[in-house]
Amino acid sequence: MDSSNLASLPEDTIEANQPQQAPRPLSAFASRPDRPATQSSSKKFAPLDWKGYFDNEDDIPIPDSDDVFHVYMAGTEGPVVFCLHGGGFSGLSFALSASKIKEKARVVAMDMRGHGKSTTENETDLSIETMCNDVQAVMKAMYGDSPPAIVLVGHSMGGSVAVHVAAKKALPSLAGLVVVDVVEGTAMASLFHMQKILSDRVHHFSSFEKAIESSVKGGSLRNIESARVSVPATLKYDDSKKCYIYRARLEETEQYWKAGLSEKFLSSPVPKLLLLAGTDRLDRTLTIGQMQGKFQMVVVRHTGHAIQEDGPHGVEIPGLSRPSQSKP
């Protein structure tokens, strides 16, 4: 093409025939790659199915009563690690633990009276005597008169129940006792503030996701995965308020909050393990007992009160051996 004719061409024709150049960024910040999309809050705190941690669930009816206790189970061989949750929690608070323990033993996690999917005639009778009877009745219904070797594991309220069941010496197959972050001295000291703690917490949630988010951001649970499994089971839908509320009516159970523990724990004749989030939780009786070697103590760092939930893999029970594999 004659260069003298270029001047007569329209400007857009000239630009179309010239090579395109990438636009120059306005600044160094403008040249940064786009950020990956952040996970939405609804997905981050979405509930997880218990089936990813336990193998099955069942309802255990108690003869001569209207009580039915819900249990989650995992594993097929070895002793039974029977888990009792704390007040306001559910059997699913042991989900992360069950997924590890079931490689070496069987796991049963029970919804206590007034909690989870269990249904009882008196939902607010959380007396030690009643809850001990509940545990023994469930074991009787599940295993009859010949229960397998059982390791009792209890967190908080469930720890107190486990200690008292062991102290009754009515379970001849009891092989071990594990108490998770419950010490009589510190428990008694905190009772004065318990009603205020219960009244100050958030009581109404528009969705499971909001409840899970509240439990994590509020600090009651530190492990998002465990919260996503366990929190929904602690709630029920209130049709009158059109929202989710707590399943357990803990404010109505104050008369049952006091119970002796340390001496009974030390007197149990089976191997004992105390899991704590910090050594400052030891009272005088347990400090002396620990110095005398009456029990094993493990401090699980970077966890809160719910050690079995806050730990990245739940709680692993020392001394459990993997079931032997049969040879062909």
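How many of the residues in the stretch 195-207 are part of a helix (DSSP H, G or I) and open to solvent by less than 60 Å² (accessible area, probe 1.4 Å)?
Of the residues in that region, 2 qualify.
Which members of the stretch 225-268 meet the condition of being in contact with a strand residue (DSSP E or B) (Cβ under 8 Å, 6 or more places away or on another chain) and of a type in the set (S, T, N, Q)?
The answer is Thr234, Ser268.
Which residue out of Thr285, Thr303 is in contact with a Gly (Cβ under 7 Å, 6 or more places away or on another chain) and over 17 Å from Leu152 (Cβ atoms)?
Answer to the check: Thr303.
What number of residues in the stretch 88-112 are touching a residue at least 40 places away in the same chain (Cβ under 8 Å) and within 20 Å of Thr234 (Cβ to Cβ)?
Total meeting the criteria: 17.
Which of the residues spanning the stretch 225-263 are open to solvent by 50 Å² or more (accessible area, probe 1.4 Å), under 14 Å from the mean Cα position of the chain (by Cα) and among the polar types (S, T, N, Q)?
None - no residue of the stretch 225-263 is open to solvent by 50 Å² or more (accessible area, probe 1.4 Å), under 14 Å from the mean Cα position of the chain (by Cα) and among the polar types (S, T, N, Q), so the list stays empty.
Looking at the stretch 274-287, is at least one residue in a loop (DSSP other than H, G, I, E, B), at negative phi and open to solvent by 60 Å² or more (accessible area, probe 1.4 Å)?
no
It is to be established whether one or more residues within the stretch 243-259 are part of a loop (DSSP other than H, G, I, E, B), more than 29 Å from Ala98 (Cα to Cα) and at pLDDT 95 or above.
No: the stretch 243-259 contains no residue that is part of a loop (DSSP other than H, G, I, E, B), more than 29 Å from Ala98 (Cα to Cα) and at pLDDT 95 or above.
Among the residues of the stretch 33-46, is any open to solvent by less than 80 Å² (accessible area, probe 1.4 Å), part of a helix (DSSP H, G or I) and at pLDDT 55 or above?
Yes: one or more hits.
Can you name every residue in the stretch 299-320 that is at pLDDT 85 or above and open to solvent by 50 Å² or more (accessible area, probe 1.4 Å)?
Across the stretch 299-320, the qualifying residues are Arg301, His302, His305.
The values are calculated or read from the model by the stated rules, or taken from the named source; none is laboratory data. Keep in mind that this is a model prediction, so the values were computed, not measured. Every residue, glycine among them, receives a Cβ derived from its backbone with ideal geometry; neighbour counts consider all protein chains shown. In case anyone asks, the SASA skips ligands and DNA or RNA and just uses the protein heavy atoms, side chains included. Shrake-Rupley method; radii C 1.70, N 1.55, O 1.52, S 1.80 Å.
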